[in-house]
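One structure is given here, and the rest of the page talks about it.
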Amino acid sequence: MEKFKLSELLEYQTAYTQILDYECELETILAIKKDENWPLRRQMSAAWLKGLSDEYKINLNSKESATKKSNRLREEGNVFYCSKSPSKTENMFKAGQQYTLAIFAAAPYTEALALAFANRAMVLQELGYYRQAYDDCICALETNQYPMRLIHKIKIRQAFCVYYLQDAKKLELHLTELEKCGLNESYKQRVDELQKGLSSIANEIIKETQDNDKEDMSLTETTELVDSKDATRGRYVVAKRDIKSGEIIFHERISAFVPVEGTQICQQCGSVFIIPIPCHACNGKVIYCSLKCREDQAKVHQNECVGYCLGLFEQIGISHLALRILLEEFPQISPILAHESDIKNVWKELTTETSHLNTKTEVNYVKSLRLVSHFQKMSLSNKIWFAVIADLLAVYLKEYTPFFHNTSKSKIKQSDWESLISALILRHIGQSISNAHTCSSIAPTCYDIRSSTVKYGFLLLPNMWTKPFHLRQGMLHVLGEVGEVSAANIPYLSMLNHACNPTIRPRFSGRNFSALADRDIEEGDEIYNCYTLTYRNSMSVVRRDLLKEMYHFNCECVHCQQSDPDAAYLEYHLYKCQNPKCGEKFVPTPDKEDLHITLHWWNRSEDDETGLRDGIICSICSTKQNIEWYFRFKSLLQHSNSKENRLELLKLYDKADGILLGFHSLKLQMASDLVNLLIECYKGSVETTDLEFCRFVNILKFAMSVTADKWGQQSLEYVAIMSVLWDLIAMNKYQCTQLELNDMVKALDVVDEECRLLFMNYYKDYIYNKQINMEK
Ligand SMILES: C[S@@+](CC[C@H](N)C(=O)[O-])C[C@H]1O[C@@H](n2cnc3c(N)ncnc32)[C@H](O)[C@@H]1O
């Protein structure tokens, strides 16, 4: 069959499906299946999936070539491992990278894979990543191809790792195993050493350090759910008592999430800072941070692995989250449905608020099933479009996964099961459109977490670390960027209605979500989330259109009720007219067609048809403003190694300072560019005078103030830029008061656990002592 794109398949199927406009997902699916052309369309879906599968098989590397590549990468790693220059530790990191790439390159169940894991374990142990090294030993052994003649080596490595992890129980086990291996004298000595170590370790089971499974906390302790009885406004959340600014309002475990396409995060816990263990069955498209996470995700991944191989999920957008919700949570209730034979009754049980199942609020899936959906408001063609995707996913589950294997035991007919599952996916698609949350994280600037080829992770970058999770002095600025990493289903958070000035500050940490109070909240106050950019970062009309289109309501929040809801945003776009006869403050009149582009003209691409140099017009005297200085600034940034150019850059920044008033967005952008130059200065790649350096530091402080104003001092954006100031403090190039420092440490309340650990280690290693000394 001719190869065609998913969008073509969907367009065709949508155009040729004629059904009535139903409000219910199950009825929609059943109606589609009654259509006389349905068998043909089903065949098309199956053929499309088969096309993906055939293409995948053709492109699959042979085992031989995979082995060859992996062996080559491992040998490159060995060269680094054995070399002592420039430094043993740095070579260890480089070896670790090559071994990781060798792991990704190898075919499953091969000696090449076993050796790549074993070698990485050796490096990780030397670098102090004992938990990860221990997992790698297990990965090497589970290939069943690890050479028997070397087995004692890996066993002793495991024993050392658990010794360093102070896990007496496991150490005892490994020592018993080692006693059975015929060891030579030198190995026997090492076992004796470990035997002595064993007696010194308290015999207690090590607590897992990951915080994957924190219970949902205080969901109902501080807040309560209220039903407005208004069809649009629906349910909302209010404070049950006074809550102080910065206090955690509630914690919630993220029930399901999918990484933003191609992002290298652990599929189970969502961690960014990891040493990856890939799933070899799907060519490393899915990675984990530990074997525990791999095991915890196994039941879900067995139904997704082939989909990842085929590249299916890259093509279905938000529907992947819908599928994930089903895979994560549906198994919780399938036994409850075993006695039913009629799917209409099952559907009623699942979706009626007063049903027996719906009262079981301890069942997590019930919380997801209760989420609002605006399916009934979708156009018929959109309903069919998504229904076809839902049906395609049911075909995928049936043909390529074990998902339906257990259902044969129930009273429901197989074809009805498929309809039910399609209908549930369709329901979750509608719910995800109105409820899905985007999770952001601080992402390292020096490592592309979206790279499809470079997959060794940030933790194995050389010249970066002194020991695990301890960055070198002057290196914290690598945590200077914020990125969206996943889309998530967080049911209680989804109960919060929208306001353009939200009451919560979100904190995503792995699989845990926390809502922090953005300000003091009084008992009885409604607690709001913000579904769009806040009023400080967007125009009200842009928010209004989006809220209407995606969430089907008109925003009447306190902020939007103000006479000039855009005043705060426009403050970031205030110019002083360059016409000496005018000299007034003005905001350019935004182009109705594209508000953002008019106000952010500097972000237009060079080849933008409308012309980058259209410029801006004073809204008072109509004089076209000169913006050449900005283009000069941009071009000089490319050549900032020269002292003259740097001085000119600072002069141009001063010029901008006279034209761009207050916390102007462009001034923040220019300041951020100059902050990158400041980083080059303190890293030593650019030499500067003290005076010049001082100027750059002031510009950094300005950028921090604007960022705090726009996003809040407790925001990922603020933490990202704050990392540069912490480098300066650590390097004795800037002094700040303990009060300032305390405020900055407080800002870390919004970052994830691992990122916080990196910052706090840095603080203890290079900043804390300095402050104490300064104050003495
Ligand atoms: C994420 S849900 C919030 C919880 C929802 N009220 C419920 O009962 O499930 C989003 C939906 O809530 C309603 N909503 C949220 N904020 C609103 C607001 N400020 N005014 C009116 N309706 C709102 C809209 O129907 C929107 O699509």
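Bear in mind that the values in this text are calculations on the coordinates, not laboratory data. The structure presented is a predicted model; accordingly, all values stated were derived computationally and were not measured. Backbone-built Cβ (ideal geometry, glycine too); neighbour counts: all protein chains shown.
Work out how much length residue 635 to residue 196 would gain on full extension: take 0.36 nm times their residue separation and subtract the Cα-Cα distance, in nm to one decimal.
Full-extension gain reported as 151.5 nm.
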* To do: Evaluate the charge dipole of the chain about its Cα centre and quote only its size in Debye, nearest 20, assuming +1 on the Cβ of each Lys and Arg and -1 on the Cβ of each Asp and Glu.
  => 1800 debye
* Bins of 5 Å, starting at 0 and running to the largest distance - Cα pair percent for region 265-325 -> 4, 19, 29, 27, 17, 4
* Could I have the simple spin-label model distance between residue 377 and residue 345, label points 7 Å from Cα toward Cβ, reported in nm to one decimal? => 3.5 nm
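Could you order peptides 688-698, 163-173 by the average number of other Cβ atoms within 10 Å of their residues, highest first?
Ranked by mean Cβ neighbours within 10 Å, highest first: 163-173, 688-698.
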* Please state the relative contact order of region 626-775 as a whole percent: Cα pairs under 8 Å, 6+ residues apart? -> 15 percent
* To do: Normalise the Cα radius of gyration of region 364-477 by 2.2 N^0.38 Å (N = residues in it) and let me know the number.
  => 1.66
* To do: Sticking to Cα atoms, compute the Rg of region 291-342 to one decimal and its Dmax as the biggest Cα-Cα distance, whole number, in Å.
  => 13.4, 40
* Asked: Once Lys and Arg get +1 and Asp and Glu get -1 on their Cβ, which of 586, 315, 468 lies farthest toward the positive end of the dipole of the chain?
  -> 468
* Structure fact -> Listed with the fewest Cβ neighbours within 10 Å leading, 508, 631 appear as 631, 508
* To do: Subtract the Cα-Cα distance of residue 173 and residue 61 from 0.36 nm times their separation in residues, and report this length gain in nm to one decimal.
  => 36.4 nm
* Asked: Over all distinct Cα pairs, what is the inverse of the mean 1/r for region 361-427, reported as the Kirkwood hydrodynamic radius in Å?
  -> 13.4 Å
* For the chain, restrict the atom set to alpha-carbon positions and state the Rg and Dmax in Å. => 29.1, 94
* Net charge of Cβ neighbours under 13 Å - reference residue 460; Lys, Arg +1; Asp, Glu -1 -> 0
* Structure fact -> Per the charge dipole of region 626-775 (beta-carbon charges, Lys/Arg positive, Asp/Glu negative, Cα centre), the residue among 757, 732, 664 reaching farthest to the positive end is 664
* Structure fact -> With N residues in region 626-775, Rg(alpha-carbon) / (2.2 N^0.38 Å) equals 1.09
* Asked: Using a basic spin-label model with each label point 7 Å from the Cα along Cα→Cβ, how many nm lie between residue 737 and residue 657?
  -> 2.3 nm
* Simple spin-label model, 7 Å along Cα-to-Cβ: residue 7 to residue 484 in nm? -> 1.8 nm
* Structure fact -> HN-Hα couplings for region 529-540 via Karplus (6.51, -1.76, 1.60; θ = phi - 60°), in whole Hz with x for Gly/Pro, come out as 9, 10, 8, 10, 5, 6, 5, 7, 10, 7, 7, 4
* To do: Report the calculated FRET efficiency for residue 83 and residue 189 (r = Cβ-Cβ distance, R0 = 45 Å), to the nearest 0.05.
  => 0.95
* Structure fact -> Given a Förster distance of 22 Å, the FRET efficiency implied by the Cβ-Cβ spacing of residue 448 and residue 314, rounded to the nearest 0.05, works out to 0.80
* Grab the Cα-Cα distance for residue 643 and residue 519, subtract it from 0.36 nm times how many residues apart they are, and report the gain in nm with one decimal. => 40.1 nm
